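**Q** Dropping the structure in here first, questions after.
The values are calculated or read from the model by the stated rules, or taken from the named source; none is laboratory data. Every value quoted in this text rests on a predicted model; they were computed, and no experiment measured them. Counting neighbours? That spans all protein chains shown, and the Cβs are built from the backbone with ideal geometry, glycine included. The protein model used for the area step is the full one, side chains on, heavy atoms only, and it has no ligands, DNA or RNA in it. Shrake-Rupley method; radii C 1.70, N 1.55, O 1.52, S 1.80 Å.
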Amino acid sequence: MNELAIAQQLFESQENLILIYAFNATGKTRLSVAYKDFTKSQNNGKHTGVYYNAFSEDLFVWENDEENNNSNVCLNILYSSLSKYHSFISKHDLEEVLSIYNPKYKFRLNLHENLELGIESVTFYLDEENQIPIKISRGEERLFVWCFFLTLFAVDEWASNQDKHFFIDDPVSSLDEHNIFFTAESIFDLIEKNFLDKKIIITTHHIGLFSILFDKLKKGEKSGRYKEDTKPFILTLQDRSLELNSLKNEVFLFHLHLIKTLDTAIRTELFAFHFVLLRQLLENIASFLGVGRLSYVLEQIAVENVREVSETINALSHKNVYRLQSNKMAPADESLFIEIFQKIQNKYNFKY
(Lines give C-alpha, C1' and ligand atoms only; values in the text may rest on other atoms or scores of the structure.)
Protein backbone atom coordinates (compact mmCIF):
# COMPACT_ATOMS: atom_id res chain seq x y z
CA MET A 1 0.00 0.00 0.00
CA ASN A 2 1.11 3.59 -0.46
CA GLU A 3 0.72 6.48 1.99
CA LEU A 4 -2.54 7.65 0.45
CA ALA A 5 -4.15 4.19 0.82
CA ILE A 6 -3.03 4.01 4.46
CA ALA A 7 -4.39 7.52 5.01
CA GLN A 8 -7.78 6.46 3.63
CA GLN A 9 -7.75 3.39 5.92
CA LEU A 10 -7.10 5.62 8.94
CA PHE A 11 -9.79 8.08 7.82
CA GLU A 12 -12.36 5.28 7.59
CA SER A 13 -11.38 3.75 10.95
CA GLN A 14 -14.24 3.80 13.44
CA GLU A 15 -11.92 4.51 16.36
CA ASN A 16 -11.13 8.09 17.30
CA LEU A 17 -7.76 7.33 18.87
CA ILE A 18 -5.13 5.92 16.52
CA LEU A 19 -1.70 5.02 17.90
CA ILE A 20 0.96 3.98 15.35
CA TYR A 21 4.44 2.65 16.03
CA ALA A 22 7.03 2.66 13.21
CA PHE A 23 10.79 2.67 12.92
CA ASN A 24 12.47 5.84 11.76
CA ALA A 25 12.54 6.30 7.96
CA THR A 26 9.38 4.20 7.51
CA GLY A 27 7.34 7.14 6.23
CA LYS A 28 5.45 8.60 9.19
CA THR A 29 5.84 12.21 8.06
CA ARG A 30 4.83 11.32 4.50
CA LEU A 31 1.77 9.59 5.97
CA SER A 32 0.78 12.75 7.83
CA VAL A 33 1.03 14.70 4.56
CA ALA A 34 -1.00 12.03 2.74
CA TYR A 35 -3.65 12.21 5.47
CA LYS A 36 -3.81 15.99 5.04
CA ASP A 37 -4.15 15.64 1.27
CA PHE A 38 -6.80 12.91 1.49
CA THR A 39 -8.96 14.74 4.04
CA LYS A 40 -8.73 17.95 2.00
CA SER A 41 -9.87 16.02 -1.07
CA GLN A 42 -12.96 15.01 0.90
CA ASN A 43 -13.69 18.62 1.86
CA ASN A 44 -13.49 20.63 -1.37
CA GLY A 45 -9.76 21.23 -0.92
CA LYS A 46 -10.10 22.78 2.53
CA HIS A 47 -8.20 21.73 5.63
CA THR A 48 -10.20 19.65 8.11
CA GLY A 49 -7.61 19.13 10.85
CA VAL A 50 -4.37 20.37 12.36
CA TYR A 51 -0.91 18.80 12.33
CA TYR A 52 2.37 18.56 14.17
CA ASN A 53 5.19 17.01 12.14
CA ALA A 54 8.66 17.69 10.76
CA PHE A 55 7.26 20.56 8.68
CA SER A 56 6.09 22.20 11.92
CA GLU A 57 9.57 21.94 13.43
CA ASP A 58 11.16 23.30 10.24
CA LEU A 59 9.34 26.62 10.74
CA PHE A 60 11.77 27.37 13.57
CA VAL A 61 15.28 28.33 12.44
CA TRP A 62 18.17 29.71 14.50
CA GLU A 63 19.58 33.12 13.67
CA ASN A 64 23.04 32.86 15.23
CA ASP A 65 24.04 36.49 14.56
CA GLU A 66 27.60 35.45 13.69
CA GLU A 67 28.51 39.00 12.56
CA ASN A 68 27.99 40.27 16.10
CA ASN A 69 29.51 37.36 17.99
CA ASN A 70 26.07 35.80 18.70
CA SER A 71 24.99 38.85 20.70
CA ASN A 72 21.46 38.74 19.27
CA VAL A 73 21.04 35.03 18.74
CA CYS A 74 17.35 34.11 18.46
CA LEU A 75 15.01 31.46 17.10
CA ASN A 76 13.31 32.80 13.98
CA ILE A 77 9.80 31.66 13.09
CA LEU A 78 9.31 31.48 9.33
CA TYR A 79 6.14 33.01 7.94
CA SER A 80 3.46 30.42 7.16
CA SER A 81 -0.30 29.99 7.01
CA LEU A 82 -0.19 29.65 10.80
CA SER A 83 1.33 33.09 11.39
CA LYS A 84 -2.11 34.71 11.37
CA TYR A 85 -2.93 32.77 14.55
CA HIS A 86 0.16 33.93 16.47
CA SER A 87 -1.68 36.95 17.82
CA PHE A 88 -3.89 34.58 19.83
CA ILE A 89 -0.86 33.18 21.67
CA SER A 90 0.27 34.90 24.85
CA LYS A 91 3.60 34.45 26.60
CA HIS A 92 1.70 33.49 29.75
CA ASP A 93 -0.21 30.70 27.97
CA LEU A 94 3.00 29.35 26.46
CA GLU A 95 4.77 29.47 29.85
CA GLU A 96 1.93 27.47 31.39
CA VAL A 97 2.23 24.74 28.75
CA LEU A 98 6.03 24.71 29.13
CA SER A 99 5.87 24.52 32.92
CA ILE A 100 5.60 20.69 33.06
CA TYR A 101 9.12 20.55 31.63
CA ASN A 102 10.48 23.02 34.22
CA PRO A 103 12.59 24.98 31.68
CA LYS A 104 15.77 26.65 32.99
CA TYR A 105 15.49 29.59 30.59
CA LYS A 106 13.15 32.52 30.10
CA PHE A 107 12.00 33.83 26.74
CA ARG A 108 10.61 36.82 24.90
CA LEU A 109 8.27 36.68 21.88
CA ASN A 110 9.35 39.26 19.27
CA LEU A 111 6.47 40.41 17.08
CA HIS A 112 6.71 41.64 13.49
CA GLU A 113 6.10 45.38 13.11
CA ASN A 114 3.15 44.37 10.99
CA LEU A 115 1.19 42.39 13.59
CA GLU A 116 -0.63 40.45 10.87
CA LEU A 117 2.67 38.67 10.16
CA GLY A 118 2.65 37.22 13.67
CA ILE A 119 5.69 36.37 15.81
CA GLU A 120 9.00 37.03 14.06
CA SER A 121 11.36 35.34 16.54
CA VAL A 122 11.91 34.14 20.10
CA THR A 123 14.77 35.35 22.28
CA PHE A 124 15.89 33.10 25.12
CA TYR A 125 17.80 34.30 28.17
CA LEU A 126 18.61 33.34 31.76
CA ASP A 127 18.60 36.65 33.61
CA GLU A 128 15.30 38.53 33.64
CA GLU A 129 16.97 41.87 34.34
CA ASN A 130 19.64 41.85 31.62
CA GLN A 131 17.97 39.48 29.16
CA ILE A 132 21.24 38.52 27.45
CA PRO A 133 20.29 36.27 24.50
CA ILE A 134 21.38 32.62 24.71
CA LYS A 135 21.02 29.57 22.52
CA ILE A 136 19.15 26.69 24.13
CA SER A 137 19.93 23.01 23.51
CA ARG A 138 18.41 20.98 20.69
CA GLY A 139 16.27 19.06 23.17
CA GLU A 140 15.04 22.29 24.81
CA GLU A 141 14.31 23.74 21.37
CA ARG A 142 12.22 20.68 20.40
CA LEU A 143 10.23 20.97 23.64
CA PHE A 144 9.68 24.69 23.08
CA VAL A 145 8.41 24.10 19.53
CA TRP A 146 6.16 21.26 20.71
CA CYS A 147 4.71 23.50 23.45
CA PHE A 148 4.30 26.35 20.97
CA PHE A 149 2.10 24.07 18.88
CA LEU A 150 0.23 22.74 21.92
CA THR A 151 -0.61 26.38 22.66
CA LEU A 152 -1.69 26.88 19.04
CA PHE A 153 -3.91 23.77 19.31
CA ALA A 154 -5.91 25.65 21.95
CA VAL A 155 -6.56 28.62 19.64
CA ASP A 156 -10.20 28.33 18.66
CA GLU A 157 -9.72 30.33 15.46
CA TRP A 158 -7.45 27.51 14.19
CA ALA A 159 -8.47 24.26 15.86
CA SER A 160 -12.20 25.01 15.85
CA ASN A 161 -12.28 25.82 12.16
CA GLN A 162 -10.21 22.73 11.34
CA ASP A 163 -11.86 20.60 13.98
CA LYS A 164 -11.99 17.06 12.60
CA HIS A 165 -8.63 15.73 13.74
CA PHE A 166 -5.20 16.18 15.26
CA PHE A 167 -2.33 14.39 13.50
CA ILE A 168 0.76 14.34 15.73
CA ASP A 169 3.94 12.90 14.23
CA ASP A 170 6.80 12.12 16.60
CA PRO A 171 7.25 15.13 18.88
CA VAL A 172 10.02 13.35 20.81
CA SER A 173 13.16 13.55 18.66
CA SER A 174 16.26 14.69 20.61
CA LEU A 175 14.52 14.24 23.98
CA ASP A 176 15.78 12.32 26.99
CA GLU A 177 13.63 9.67 28.69
CA HIS A 178 12.50 12.02 31.48
CA ASN A 179 11.06 14.53 29.02
CA ILE A 180 9.47 11.79 26.93
CA PHE A 181 7.37 10.87 29.98
CA PHE A 182 6.16 14.48 30.29
CA THR A 183 5.52 14.64 26.54
CA ALA A 184 3.33 11.55 26.86
CA GLU A 185 1.46 13.33 29.65
CA SER A 186 0.95 16.39 27.46
CA ILE A 187 -0.41 14.22 24.63
CA PHE A 188 -2.69 12.37 27.03
CA ASP A 189 -4.00 15.71 28.30
CA LEU A 190 -4.75 16.69 24.69
CA ILE A 191 -6.57 13.38 24.23
CA GLU A 192 -8.67 13.85 27.36
CA LYS A 193 -9.84 17.25 26.20
CA ASN A 194 -10.58 16.34 22.59
CA PHE A 195 -11.12 12.64 21.90
CA LEU A 196 -14.92 12.80 22.06
CA ASP A 197 -15.03 15.40 19.26
CA LYS A 198 -11.97 14.71 17.10
CA LYS A 199 -9.99 11.85 15.64
CA ILE A 200 -6.49 11.94 17.13
CA ILE A 201 -3.70 10.14 15.27
CA ILE A 202 -0.29 9.79 16.93
CA THR A 203 2.72 8.26 15.20
CA THR A 204 6.07 7.63 16.86
CA HIS A 205 9.34 5.72 16.50
CA HIS A 206 9.92 5.84 20.25
CA ILE A 207 9.01 2.64 22.04
CA GLY A 208 8.84 4.45 25.39
CA LEU A 209 6.31 7.03 24.19
CA PHE A 210 4.28 4.35 22.42
CA SER A 211 4.25 2.09 25.48
CA ILE A 212 3.22 4.85 27.91
CA LEU A 213 0.33 5.96 25.70
CA PHE A 214 -0.67 2.36 24.91
CA ASP A 215 -0.84 1.49 28.61
CA LYS A 216 -2.77 4.63 29.50
CA LEU A 217 -5.32 4.15 26.72
CA LYS A 218 -5.72 0.37 26.89
CA LYS A 219 -4.80 -0.71 30.43
CA GLY A 220 -4.48 2.29 32.79
CA GLU A 221 -6.91 3.29 35.53
CA LYS A 222 -8.61 5.74 33.18
CA SER A 223 -8.55 3.37 30.20
CA GLY A 224 -12.25 2.56 30.57
CA ARG A 225 -13.00 5.82 28.78
CA TYR A 226 -10.64 5.14 25.90
CA LYS A 227 -9.84 1.49 25.25
CA GLU A 228 -12.86 0.76 23.05
CA ASP A 229 -12.11 3.89 21.02
CA THR A 230 -8.36 3.21 20.68
CA LYS A 231 -6.73 1.33 17.80
CA PRO A 232 -2.96 0.59 17.96
CA PHE A 233 -1.03 -0.28 14.80
CA ILE A 234 2.47 -1.07 13.61
CA LEU A 235 3.49 0.60 10.35
CA THR A 236 6.21 -1.20 8.38
CA LEU A 237 7.95 -0.74 5.06
CA GLN A 238 8.55 -3.82 2.89
CA ASP A 239 9.93 -3.52 -0.63
CA ARG A 240 8.86 0.13 -0.77
CA SER A 241 5.30 -0.83 0.18
CA LEU A 242 3.73 0.19 3.48
CA GLU A 243 1.84 -2.22 5.71
CA LEU A 244 -0.42 -1.12 8.57
CA ASN A 245 -1.01 -4.02 10.93
CA SER A 246 -3.11 -4.18 14.08
CA LEU A 247 -1.42 -5.50 17.19
CA LYS A 248 -2.19 -9.19 17.69
CA ASN A 249 -4.26 -9.70 20.82
CA GLU A 250 -3.78 -5.99 21.51
CA VAL A 251 -0.36 -6.70 23.01
CA PHE A 252 2.76 -4.91 21.85
CA LEU A 253 5.96 -6.88 22.36
CA PHE A 254 8.73 -4.74 20.94
CA HIS A 255 11.43 -7.40 21.07
CA LEU A 256 9.29 -9.77 18.93
CA HIS A 257 8.71 -6.97 16.44
CA LEU A 258 12.48 -6.44 16.24
CA ILE A 259 13.19 -10.17 15.81
CA LYS A 260 10.62 -10.48 13.05
CA THR A 261 12.09 -7.45 11.26
CA LEU A 262 15.65 -8.74 11.52
CA ASP A 263 14.67 -12.26 10.45
CA THR A 264 12.95 -10.83 7.36
CA ALA A 265 16.03 -8.73 6.57
CA ILE A 266 18.32 -11.78 6.83
CA ARG A 267 16.10 -13.70 4.42
CA THR A 268 15.88 -10.78 1.96
CA GLU A 269 18.59 -8.14 2.16
CA LEU A 270 20.67 -6.77 5.01
CA PHE A 271 21.56 -3.11 5.23
CA ALA A 272 24.09 -1.54 7.54
CA PHE A 273 21.40 0.17 9.65
CA HIS A 274 20.11 -3.25 10.77
CA PHE A 275 22.97 -3.27 13.29
CA VAL A 276 21.13 -0.45 15.07
CA LEU A 277 18.11 -2.74 15.41
CA LEU A 278 20.27 -5.69 16.52
CA ARG A 279 21.73 -3.49 19.23
CA GLN A 280 18.21 -2.49 20.35
CA LEU A 281 17.28 -6.19 20.54
CA LEU A 282 20.34 -7.05 22.65
CA GLU A 283 19.63 -4.09 24.95
CA ASN A 284 16.01 -5.19 25.35
CA ILE A 285 17.08 -8.70 26.33
CA ALA A 286 19.74 -7.31 28.70
CA SER A 287 17.15 -5.08 30.34
CA PHE A 288 14.78 -8.03 30.76
CA LEU A 289 17.60 -10.03 32.39
CA GLY A 290 18.20 -7.17 34.83
CA VAL A 291 21.59 -6.04 33.53
CA GLY A 292 22.57 -2.83 31.78
CA ARG A 293 25.02 -4.07 29.18
CA LEU A 294 24.58 -5.94 25.92
CA SER A 295 27.92 -7.75 26.44
CA TYR A 296 26.18 -9.83 29.13
CA VAL A 297 23.76 -11.17 26.51
CA LEU A 298 26.67 -11.91 24.16
CA GLU A 299 28.22 -13.99 26.97
CA GLN A 300 24.94 -15.82 27.57
CA ILE A 301 24.55 -16.77 23.91
CA ALA A 302 28.17 -18.02 23.81
CA VAL A 303 29.68 -15.48 21.43
CA GLU A 304 33.46 -15.77 21.25
CA ASN A 305 35.56 -12.64 21.78
CA VAL A 306 32.71 -10.83 23.54
CA ARG A 307 34.66 -7.61 24.04
CA GLU A 308 35.66 -7.37 20.37
CA VAL A 309 32.15 -8.21 19.13
CA SER A 310 30.60 -5.75 21.58
CA GLU A 311 32.90 -2.97 20.33
CA THR A 312 32.03 -3.86 16.72
CA ILE A 313 28.30 -3.66 17.40
CA ASN A 314 28.74 -0.35 19.19
CA ALA A 315 30.78 1.09 16.34
CA LEU A 316 28.40 -0.07 13.61
CA SER A 317 25.26 1.04 15.45
CA HIS A 318 26.43 4.50 16.44
CA LYS A 319 26.90 5.75 12.90
CA ASN A 320 24.30 7.88 11.22
CA VAL A 321 21.36 5.52 10.65
CA TYR A 322 19.91 7.66 7.87
CA ARG A 323 23.17 7.80 5.92
CA LEU A 324 23.48 4.07 6.27
CA GLN A 325 19.90 3.39 5.21
CA SER A 326 20.88 2.72 1.59
CA ASN A 327 24.22 1.01 2.30
CA LYS A 328 24.33 -2.76 1.99
CA MET A 329 25.98 -4.53 4.86
CA ALA A 330 29.60 -5.55 4.24
CA PRO A 331 30.07 -9.35 3.84
CA ALA A 332 32.15 -9.70 7.02
CA ASP A 333 29.61 -7.68 9.04
CA GLU A 334 26.78 -9.73 7.52
CA SER A 335 28.36 -12.99 8.73
CA LEU A 336 28.75 -11.58 12.25
CA PHE A 337 25.19 -10.24 12.21
CA ILE A 338 23.68 -13.59 11.20
CA GLU A 339 25.83 -15.49 13.71
CA ILE A 340 24.64 -13.29 16.61
CA PHE A 341 21.01 -13.47 15.52
CA GLN A 342 21.10 -17.27 15.24
CA LYS A 343 22.77 -17.58 18.65
CA ILE A 344 20.04 -15.40 20.17
CA GLN A 345 17.38 -17.67 18.71
CA ASN A 346 19.24 -20.85 19.72
CA LYS A 347 19.41 -19.59 23.30
CA TYR A 348 15.98 -17.99 23.77
CA ASN A 349 13.89 -19.50 20.97
CA PHE A 350 11.62 -16.48 20.60
CA LYS A 351 8.27 -17.25 18.91
CA TYR A 352 6.85 -14.60 16.61
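**Q** Please enumerate, by chain and number, the lysines with C-alpha under 20 Å from the C-alpha of LYS328, excluding those fewer than 8 residues away in the same chain.
**A** LYS260, LYS319
**Q** Here is a further query. Need the list of lysines near LYS193 for cross-linking: C-alpha distance under 21 angstrom, and skip anything on the same chain fewer than eight residues off.
**A** Of all the lysines, those that pass the test against LYS193 - Cα under 21 Å, at least 8 places apart if same chain - are LYS164, LYS216, LYS218, LYS219, LYS222, LYS227, LYS231.
**Q** Ignoring any ligand, DNA or RNA, what whole percent of the accessible area of the chain comes from carbon and sulfur when the probe is 1.4 angstrom?
**A** 47
**Q** Report the local net charge at LEU270: Lys and Arg +1, Asp and Glu -1, summed over other residues whose C-beta lies under 10 Å from its C-beta.
**A** -1
**Q** Rg over Rh of the chain, using C-alpha atoms and the Kirkwood radius, what does it come to?
**A** 1.00
**Q** Oh, and also: Nearest 20 debye, what's the magnitude of the dipole of the chain about its Cα centre given +1 on Lys and Arg Cβ and -1 on Asp and Glu Cβ?
**A** 1320
**Q** Plugging the Kirkwood radius over Cα pairs into Stokes-Einstein for segment 109-195, at a temperature of 20 °C and a viscosity of 1.002 mPa s, what D comes out in µm²/s?
**A** 141
**Q** Would you mind working out the accessible area per residue for the chain, using a 1.4 Å probe, and quoting it in Å²?
**A** Per-residue value: 52 Å².
**Q** Based on the alpha-carbon gyration tensor of segment 33-177 and its eigenvalue square roots a ≥ b ≥ c, which shape applies: rounded if a/c is under 1.5, prolate if not and a/b is larger than b/c, or oblate?
**A** Note, shape of segment 33-177 comes out prolate.
**Q** Right, next: On a 0 to 90 degree scale, rounded to 10, what angle separates helix 28-41 from the longest Cα axis of the chain?
**A** Between helix and principal axis, roughly 50 degrees.
**Q** Over the C-alpha atoms of segment 1-113, what are the Rg and the largest Cα-to-Cα span, Dmax, in Å?
**A** Expressed in Å, the Cα Rg and Dmax of segment 1-113 come to 18.4, 56.
**Q** Using only Cα atoms, what is the ratio of the radius of gyration of segment 105-145 to 2.2 N^0.38 Å?
**A** Rounded to two decimals, the normalised Rg is 1.27.
**Q** Now, a different point. For segment 11-108, what is the number of Lys pairs with C-alpha distance below 24 angstrom, counting only pairs 8 or more positions apart or on separate chains?
**A** Qualifying lysine pairs in segment 11-108: 9.
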